[in-house]
């Protein structure tokens, strides 16, 4: 049971949602709580169509988004179902926690219960406000008001013709207002952000020491101290006086003191630092003088806090970082997009294991500038003449970040991974388009064949970029952050979002925090109510624990893990089909069909069985139900959703009491690769 699906996996997501809805409703019935299928479906959709797509990740932000935006804008249902949405959401959240599907990086159940109660207080008003609905919901309600059966395609077409002819009844004034609102309201189905790999960070003490050692942090503190208690006089244009500029440049050691510049604006490094200090609110300008900001005193005594402030304000310094362009006057193309492009650049190099060639970043930044500013007139010679300035500005920005200690610049050959998707054979080999236009790919292949500037984030930079992405709702795993979490939740996250190397680190960290006892991890796999998820969790343990394969072999006779262990041993090539007992053969077949039931839904299993000879299909169906497989819930679902449905549909399926004879291997398709 995966809880994360790419947008390009609609069928896989729908199968998982169907399974979750079924299990959640059964859990709710057992616990006497409400679970309306439509509201739970809407809750899952709101998470799937978010920037991170994690179905099990919930915080108060996601709760409010669902109840105060998603349902009022998009969901059509009867009033009783809509009014009970907070109750259904609570049921889903509690079920996710009870079944081990909650993402522990989200809020606790206690926090979420409080968030639902708070959002529920505002929910009726949001639901009743006609301007909260989306245009699509407006037309759906209008169709219902006109007596249209939404399941009747011909009726919907007639309604469309009635609208065009002016015969349909609807509130045109409200529609105009909704269209106006929709032009300024951010869409709820957010673009899926690029998945980031887990990263590790050094101890906080090392990060604090690195911040204190930052050249830019020291210079900003020295500049603020130089301003003094009485401040410094500025020129009429707000510039530092030439004599003061040269004095400060010498004090800061930036090498511009010998310049014949007529002020700090003609000294690029000093101008950047002066602008940085103002943007960071270390100094301010008032009545022709630059003055210290009194409230910044605590910041100046804390280098780490000052580093964070400098990093956050850097993205507002496009005008100081980027040089003027002759075609654009005071602004270069990158100045106008600096606050959007630079975060994207840093997000791009985040979690990449090798230094990134700057030339590849320059190509994508230039394409972004063209897109942002509509610089797509190939016949205009001035457009291409802007390109060198954009390349230069990106390099200056990276040099400024290197001075802060957020990135590390070097020179050398780029790793082969940066040219692997540029060749002419990439599309034929991988079935995907190359990420860049053909002429850009060709140019990059030539330039990447030679040494050039490289960039990577420092640990300080990794932490800062990660914090920005977290604030934006991104999934950015950190090795070690799951050490105190429940074993089932920890393994679930690791199985879906970690590489093998980082999974090993995370599992080792968890064991170190829990006395090295492996048994709670194995018990979490035993108690997992989903076949796919438990298989992924077991696989992680086999691959990360010392002696993992020996542990796996020892589980062959485990009352709960035996079927999973047998399947994994066969998948790993440790056991051959002829090594299995008849009972293990039956477990293998049963495990495969129950896995397919989760992965593809009942129809996929019915199609598999229907493709077999009637006698064999009957024996297999009977064997699954009488196999003694420990997952009784899944076996019961097989009986009701597969075997009985086939019998009711008149399919040739004879259910025989008793154990089915063993089969060599699995039915066709049961070995389909499981997704983690």
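Bear in mind these aren't lab numbers, they're just calculated from the coordinates by the rules spelled out. In this text, all values refer to a predicted model and were calculated from it rather than measured experimentally. Every residue, glycine among them, receives a Cβ derived from its backbone with ideal geometry; neighbour counts consider all protein chains shown.
Compared with the dominant Cα axis of the chain, that is its longest principal axis, helix 387-404 is turned about 90°.
Based on other C-beta atoms within 10 Å, arrange 267, 646, 413 from fewest to most. Mind dumping the intermediate values first?
Numbers: 267 25, 646 21, 413 13.
If I rank by nearby Cβ atoms, fewest first, I get 413, 646, 267.
Dividing the radius of gyration of the alpha carbons in the chain by their Kirkwood radius gives 1.04 for Rg/Rh.
Here the label points at residue 344 and residue 229, each 7 Å from Cα along the C-beta direction, are separated by 5.0 nm in the simple model.
What ranking of 366, 276 emerges when the number of other C-beta atoms within 10 Å of each C-beta is taken as an exposure proxy, fewest first? Please list the in-between numbers first.
Details: 366 21, 276 25.
Fewest to most other Cβ atoms nearby, the residues stand as 366, 276.
Over the range 429-561, all Cα pairs binned in 5 Å intervals from 0 give whole-percent P(r) values of 2, 8, 14, 15, 13, 10, 11, 8, 8, 6, 3, 1, 0, listed from short to long. Quick one: compute the contact order of the range 487-571, relative version, from alpha carbon pairs under 8 angstrom and 6+ residues apart, as a percent. It rounds to 29 percent for the range 487-571. Take every Cα pair under 8 Å whose residues are at least 6 apart in sequence, average their separation, divide by the length of the chain, and the relative contact order is 12 percent.
Report the relative contact order of the range 321-471, percent, no decimals, based on alpha-carbon pairs under 8 angstrom and at least 6 residues apart. Intermediate results must be reported in sequence, preceding the final value.
Details: 167 pairs, mean separation 47.7, N = 151.
The normalised contact order for the range 321-471 reaches 32 percent.
Using a Förster distance of 25 angstrom, determine the FRET efficiency expected from the C-beta separation of residue 145 and residue 185, and round it to 0.05. Before the final figure, lay out the partial values.
On the way: r = 24 Å, r/R0 = 0.95.
E(calc), rounded to 0.05, equals 0.60.
Restricting the calculation to alpha carbons of the range 321-471 gives Rg and Dmax of 15.9, 47 angstrom. To the nearest ten degrees, helix 438-448 and the longest principal axis of the Cα atoms of the chain are 70 degrees apart.
Distance from the C-alpha centroid of the range 50-67 to that of the range 469-544: 21 Å, rounded to the whole angstrom. If you take the Cα centroid of the range 176-200 and the Cα centroid of the range 277-291, the two points sit 37 Å apart. What's the angle, to the nearest 10 degrees (0 to 90), between helix 153-165's Cα axis and the longest principal axis of the chain? Long axis of 153-165 versus the principal axis of the chain: about 40 degrees.
Taking 0.36 nm per residue of sequence separation and removing the Cα-Cα distance, the residue 237/residue 61 pair yields an extension gain of 58.9 nm. Peptides 619-632, 513-526, ordered by how many other C-beta atoms sit within 10 Å of their residues on average, highest first, read 619-632, 513-526. Modelled spin labels at residue 171 and residue 559, positioned 7 Å past Cα toward Cβ, are 6.2 nm from each other.
With N the number of residues in the range 95-184, Rg(Cα) / (2.2 N^0.38 Å) evaluates to 1.60.
At a Förster distance of 30 Å, what's the computed FRET efficiency of residue 571 paired with residue 633, Cβ-Cβ distance as r, to 0.05? With a Förster radius of 30 Å, E is 0.80.
In this simple spin-label model, placing a label point 7 Å from the Cα along the Cα-to-Cβ direction at both residue 301 and residue 154 gives a separation of 8.2 nm.
How do 426, 274 rank when sorted from fewest to most other Cβ atoms within 10 Å of their own Cβ? If you can, show how the numbers build up before the last one.
Working: 426 17, 274 24.
Fewest-to-most ranking of 426, 274: 426, 274.
Here the ratio of the Cα radius of gyration of the range 577-648 to 2.2 N^0.38 Å is 1.03. Could you tell me which of rounded, prolate or oblate describes the range 254-322, using a ≥ b ≥ c as the square roots of the eigenvalues of the alpha-carbon gyration tensor, with rounded for a/c under 1.5 and, failing that, prolate when a/b is larger than b/c and oblate otherwise? It is prolate, given that a/c is not under 1.5 and a/b is the larger ratio. In terms of overall dimensions, the C-alpha atoms belonging to the range 204-308 reach 44, 29, 18 Å along their principal axes, ordered largest to smallest.
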